[in-house]
Amino acid sequence: IPEGEGRTFQVGQTLVAVFLKNGEYFAINDTCPHMGASLGEGFLEGDQVICPWHAWRFCIKDGLWMDNPKSKTKNETYPVRVVGNEIQVQVP
């Protein structure tokens, strides 16, 4: 995954978007809750991924919907670790 970009992977039954930001990996549910677009195809701006369809913004660290943070709407995030050359994501 190139720095500042994301990719989508299937982990079990879950599609996960994994992003590399400043040398650290972050994982978030790939499906935008608005209309189902792939967040892995979105654009990183700071700590936010911008949905490629309708520009909804989510924090890659905690999944918070940044367009209306008071709503406390979140997209699920997952723990990530790197073991050797593998990026491992823990999904429930």
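Derivation of every value follows stated rules applied to the coordinates shown; laboratory data play no part. Given the structure is predicted, the values throughout are model-derived calculations rather than measurements. We place every Cβ from the backbone using ideal geometry, glycine too, and count neighbours over all the protein chains shown.
How long, wide and thick is segment 1-67, going by the Cα atoms along their three principal axes, in whole angstroms, largest first?
Computed over segment 1-67, the largest-to-smallest principal extents equal 30, 28, 18 Å.
Give, in whole angstrom and from largest to smallest, the semi-axes √(5λ) of the equivalent ellipsoid of segment 3-42, with λ running over the eigenvalues of the Cα gyration tensor.
Semi-axes (√(5λ), whole Å): 18, 12, 7.
Kindly rank 65-73, 25-33, 52-60 from highest to lowest mean number of other beta carbons found within 10 Å of each residue.
Peptide ranking by packing, descending: 25-33, 52-60, 65-73.
Take residue 45 and residue 66, extend 7 Å from each Cα along the Cα→Cβ direction, and tell me the distance between the two endpoints in nm.
Using points 7 Å along Cα→Cβ, the separation is 0.7 nm.
List the aspartates and glutamates whose Cα sits under 20 Å from the Cα of residue 74, skipping any in the same chain fewer than 8 residues away.
30, 41, 45, 47, 62
Around residue 57, under 11 Å between beta carbons, what's the net of Lys plus Arg minus Asp minus Glu among the other residues?
Counting the neighbours of residue 57, the net charge comes to -3.
Cβ under 15 Å from residue 2's Cβ, residue 2 left aside: what net charge do those residues give with Lys, Arg +1 and Asp, Glu -1?
For residues surrounding residue 2, the net value is -2.
Which residue, 76, 41, 24, tops the fluctuation ranking in a GNM of the chain built on C-alpha contacts under 10 Å?
24
Considering amide H positions built from the backbone, and no H for Pro or chain starts, which residues 5 or more places from residue 30, or on another chain, come under 5 Å of its amide H?
Counting only residues 5 or more places away or on other chains, the set is 15, 16, 17.
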